[in-house]
Number of protein chains: 2
Amino acid sequence: MAIVVPLSGDKNAAGPVSLDRLMGLVKDDLKAVNELIVKRMDSRVALIPTLASHLVAAGGKRLRPILTLASARLCNYRGDRHISLAACVEFIHTATLLHDDVVDESNLRRGNATANAVWGNQASVLVGDFLFARAFQLMTADGSLEVLRILSNASAVIAEGEVMQLVTTGDTETTEDAYLEVIAAKTAALFSAACRVGAAVAERPRVEADALESYGRNLGIAFQLVDDALDYSARQATLGKTVGDDFREGKITLPVLLSFRRGDEEERRFWRRVMEDGEQDEKDLATAQQLMRKHGALDGTIERARHYGAMARDALGIFPDSEVKQALIEAIDFSIGRAH
Amino acid sequence: MAIVVPLSGDKNAAGPVSLDRLMGLVKDDLKAVNELIVKRMDSRVALIPTLASHLVAAGGKRLRPILTLASARLCNYRGDRHISLAACVEFIHTATLLHDDVVDESNLRRGNATANAVWGNQASVLVGDFLFARAFQLMTADGSLEVLRILSNASAVIAEGEVMQLVTTGDTETTEDAYLEVIAAKTAALFSAACRVGAAVAERPRVEADALESYGRNLGIAFQLVDDALDYSARQATLGKTVGDDFREGKITLPVLLSFRRGDEEERRFWRRVMEDGEQDEKDLATAQQLMRKHGALDGTIERARHYGAMARDALGIFPDSEVKQALIEAIDFSIGRAH
C-alpha cells in the first residue's frame, strides 16, 4: 500500500550522524537517571509500575533527559541535582506520551503495543496523572523554584499545544505558522525546558540559560519536522514504526500543508476528502505520498528542519568549544539525519 | 426502575445542617478565588477556557477551596496568599473531575452534560492536563516549597487512589479496608491537603497543621461515604443527580460491600453477576436497593460516615472556640446530613 518516497541526500551533512558521542559523555549519569526512574515510578498500586515500566522499558533514546544532563555538563555543573531533574523531564515526557496515545487512539508505539492497547485508556490516563504528579514531587524535593517555574510553564504549554493540534485536526486551511505554533508547544517546549534546567542547576548567567533554551527549542522544532516527514517516508518502516499514522488520524503536518498549498484544485479536493471528511480508502495513502513527491513536500519539510537546526547550532556559539558542545551539535545532525 | 430507599433519621443531628455560615465567613475571599480561577484558566487556545468554564461554571459548592480559606482564617492568617492557593486546589480538583469523567465514561455531572460528552474524551484529557499544570504554575509563583510538597504529594496519592479504584472495579471480594484506602486516596487526600495548605500559609506550629490535615482527611472520608450511599438513595434524585451510576459502572462501594458480606449465597451470586460479570438488566438496580434495605447497608454506610465525622470534629479540639471553628464543624454535619 505505502510506496517509497525517496528523500534526496543531505548534501550539507558532514561528520558522524549519530548520538554516540553524546550518549558516551553522559553514560554514567544516564544510568543513574534510569535507576532513579525505576525507583520513583514504584507505587503500592502494582498496576502503576507495571504500566509505567512498559513505556519506560520500551526505551526511546531518552533524548530529553540526555539534553538536561549534557546541558548541565556544558555549564560545568559539578553536583548531582541534574540526575533527579533529568528524571522529572522524562516523567513529564512519559506522562504526555501516555495521554497522547489515548487521544490519538494509537495501538503501536515504536513497534510495540501502546499501554492503552494493553491496559486500556482508563489506566493510561490515570498513570499519566501519577507520573506527572511524581515529577512535581521530585522537583519539590530538589527545591529550586526556578526549575519548578521552567517545568510547570513547559507542562502548561505542552497541554496547550496538544489542544491546538486537536483543534486543527482535519483543517486543511491550517497555515504553516499555526502548524509551527503547535509543534513549538507540543514538542519544542519540553526540549527547551530540558536544556534550560541544565543551566539552572549550574546557576549560570541568564545569557547561557537563554542560549541553551534557544538550542533546545530549535532542536525540538527540527526534530518534530523530521518526525512529521518520516511518517510518510519509507525510511520510517526501517525504524520499526508504521507509515501513515498521521494521515489516518487526519493530522495536518507540514508535508500535508505544503502539498495542499502547492497543489491544484483537484488535489485540494483530495486533501479535503481524506483529511477534513476523513473518507479514506486503501489507495489514498499512496496517492498522498505521490502528491508529496510531486511537490517536493518531504524535502521541503526537511529543508525547513535544517533551518531550525542551523538556529540551534548558532545558539550554542557563545559557549567555548568542548567535546560536549560538539556532541550537542551532532545531536542536531542526528535529528535531521534520521530522514535519510 | 429505581425505588425509594429510606434512610432512617439522624437522631444525633443537632443545629443547622447547611454550609451557610461557612460560606458567609469566606464569601469575599471566595469571590476573589472565583475571579482568579476565571482569569487563570484563560489561554490563547479558545477551547481551553470554553471547556474549563463549562465545568467551573457548573459550580459545585467549591468545598475544597473553601476549606483552604476557612483553615487559613482559623489560623488567623492575615495575608492574601490563601486566595491563589485555594484556586490551585480547585484547579487540581477540576483536573481530576475531567479525567474521572473520561475514565468513568460519564455523560452527566450534577445534572449537566459532562465536558467529555460535549467536547469528547480527547479534549477532556488535555484540558485536565492543562489545569493541573496551571495549578503548579500558581503554586510556583506563590513560592512555598511546603505548599508544593503538600499538593504534589496529594496529586500523586489521588492518582494512586483512582488506579486502585479501577483495579477493584467489579471485585466483590474487596474488603472494607481496601475500599477505605481507595476513598482516603481519591477523595480525602485533597480535602486534607486543602486544609493543611491553610495552616501552611499562616506558618502555624506543626500540631495545628496536623490537626487541620486530620480534620480534612476524616471529613473527606465521611463526605465520600455519604456520596456512595446517596448513589443508591432516592434523596439523590432531589439533588439533581442520577441514581445508580456507581452500580452501572460496577464500582464496589461500601453499600455494595456491606450487602455482599451480610447477604446469603444466593444474594452473593446476584452481586457477582451484576458487578463482576457486568450482566445487568433493568430490574437489577431495584433488586440491589432492596437488598441494601434488607441489610441496612445504606444506614450502615452513614453510620460509618458519622464515625469519621466525629474524628474530624475532635481533630479541631485544640483550636479555641470561634465562629470559623463552629462553621467547620457545621460542614461536617452538612456533609453527613446530605443523606437525609
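The values are calculated or read from the model by the stated rules, or taken from the named source; none is laboratory data. The model shown is predicted, which means the values in this text are computed figures rather than measured ones. Glycine also receives a Cβ, built like all others from the backbone with ideal geometry; neighbour counts cover every protein chain displayed.
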Subject >> Flag for residue B:313 being of a type in the set (D, E, K, R), closer than 30 Å to residue B:210 by Cβ and surrounded by 15 or more Cβ atoms within 10 Å (Cβ to Cβ) >> reply: yes
Original post:
Can you tell me how many residues in the range B:154-170 are of a type in the set (Gly, Ala, Ser), in a helix (DSSP H, G or I) and more than 7 Å from chain A (Cβ to nearest Cβ)?
Top reply: 2
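Listed residues B:107, B:121; which is in contact with a strand residue (DSSP E or B) (Cβ under 7 Å, 6 or more places away or on another chain), farther than 27 Å from residue A:138 by Cα, of a type outside the set (Val, Ile, Thr) and without any contact (Cβ under 8 Å) to a residue 40 or more places away in the chain?
B:107
This table checks each residue for (1) without any contact (Cβ under 8 Å) to a residue 40 or more places away in the chain; (2) assigned to a helix (DSSP H, G or I); (3) touching a Ser or Thr at 6+ places or on another chain (Cβ under 7 Å).
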residue	(1), (2), (3)
B:279	yes, no, no
B:289	no, yes, no
B:299	no, yes, yes
B:306	no, yes, no
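Which of the residues belonging to the range A:144-153 are in contact with a Leu (Cβ under 9 Å, 6 or more places away or on another chain), assigned to a helix (DSSP H, G or I) and more than 7 Å from chain B (Cβ to nearest Cβ)?
Residues of the range A:144-153 that are in contact with a Leu (Cβ under 9 Å, 6 or more places away or on another chain), as a first pass: A:144-145, A:147-148, A:151-152.
Within this subset, residues satisfying the condition of being assigned to a helix (DSSP H, G or I) are A:145, A:147-148, A:151-152.
Those that are in contact with a Leu (Cβ under 9 Å, 6 or more places away or on another chain), assigned to a helix (DSSP H, G or I) and more than 7 Å from chain B (Cβ to nearest Cβ): A:147, A:151.
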Original post:
For the range A:188-199, does any single residue satisfy the condition of being within 12 Å of chain B (Cβ to nearest Cβ), surrounded by fewer than 23 Cβ atoms within 10 Å (Cβ to Cβ) and aliphatic (A, V, I, L, M)?
Top reply: no
Original post:
Is it true that some residue in the range A:42-62 is modelled with pLDDT of 95 or more, within 22 Å of the chain's Cα centre (by Cα) and of a type in the set (A, V, I, L, M)?
Top reply: no
Original post:
Hey, does the range A:227-242 have a residue that's touching a residue at least 12 places away in the same chain (Cβ under 8 Å) and in contact with a strand residue (DSSP E or B) (Cβ under 7 Å, 6 or more places away or on another chain)?
Top reply: yes
**OP:** Could you list, in sequence order, all residues of the range A:171-184 that are buried (at least 17 other Cβ atoms within 10 Å of the Cβ) and within 13 Å of chain B (Cβ to nearest Cβ)?
**Re:** A:181, A:182, A:184
Original post:
Which of the residues belonging to the range A:157-170 are closer than 15 Å to residue A:196 by Cβ and buried (at least 23 other Cβ atoms within 10 Å of the Cβ)?
Top reply: A:158
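From A:133, A:202, A:222, which residue is of a type outside the set (Val, Ile, Thr) and surrounded by fewer than 24 Cβ atoms within 10 Å (Cβ to Cβ)?
Numbers: A:133 fails: surrounded by fewer than 24 Cβ atoms within 10 Å (Cβ to Cβ); A:222 fails: surrounded by fewer than 24 Cβ atoms within 10 Å (Cβ to Cβ).
The conditions single out A:202.
Restricting to helices (runs of 4 or more DSSP H) lying wholly in the range A:45-143: which have 1 or more residues that are more than 28 Å from residue A:204 (Cβ to Cβ) and of a type in the set (Val, Ile, Thr)? Spell out the reasoning first.
On the way: elements: A:47-58, A:63-74, A:81-104, A:115-142.
Answer list for the range A:45-143: A:47-58, A:81-104, A:115-142.
Residues checked against (1) within 14 Å of another protein chain (Cβ to nearest Cβ); (2) farther than 19 Å from residue B:132 by Cβ:
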residue	(1), (2)
A:77	no, yes
A:105	yes, yes
A:121	yes, no
A:124	yes, no
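Restricting attention to the range B:315-335, does a residue exist that is among the β-branched types (Val, Ile, Thr), more than 30 Å from residue B:76 (Cβ to Cβ) and modelled with pLDDT of 95 or more? Please lay out each step first, then the result.
Start the filter on the range B:315-335 by keeping residues that are among the β-branched types (Val, Ile, Thr), which leaves B:318, B:324, B:329, B:332.
When the remaining residues are screened for being more than 30 Å from residue B:76 (Cβ to Cβ), the result is none.
Within the range B:315-335 (the criterion being among the β-branched types (Val, Ile, Thr), more than 30 Å from residue B:76 (Cβ to Cβ) and modelled with pLDDT of 95 or more), the answer is no, since none of the residues qualifies.
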Original post:
For residue A:140, which of the numbered conditions (1) over 20 Å from the mean Cα position of the chain (by Cα); (2) buried (at least 23 other Cβ atoms within 10 Å of the Cβ); (3) more than 9 Å from chain B (Cβ to nearest Cβ); (4) of a type outside the set (Phe, Trp, Tyr) fails to hold?
Top reply: (3)
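Look through B:57, B:113, B:52, B:46 and report the one residue that is surrounded by fewer than 20 Cβ atoms within 10 Å (Cβ to Cβ) and either in contact with a strand residue (DSSP E or B) (Cβ under 8 Å, 6 or more places away or on another chain) or within 11 Å of chain A (Cβ to nearest Cβ) (or both). Don't jump to the end; show me each part of the working.
On the way: B:57 fails: either in contact with a strand residue (DSSP E or B) (Cβ under 8 Å, 6 or more places away or on another chain) or within 11 Å of chain A (Cβ to nearest Cβ) (or both); B:113 fails: either in contact with a strand residue (DSSP E or B) (Cβ under 8 Å, 6 or more places away or on another chain) or within 11 Å of chain A (Cβ to nearest Cβ) (or both); B:52 fails: surrounded by fewer than 20 Cβ atoms within 10 Å (Cβ to Cβ).
From the options B:57, B:113, B:52, B:46, the qualifying one is B:46.
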Original post:
Can you tell me which residues in the range A:160-185 are among the acidic types (Asp, Glu) and in contact with a helix residue (DSSP H, G or I) (Cβ under 9 Å, 6 or more places away or on another chain)?
Top reply: A:160, A:162, A:171, A:173, A:176, A:181
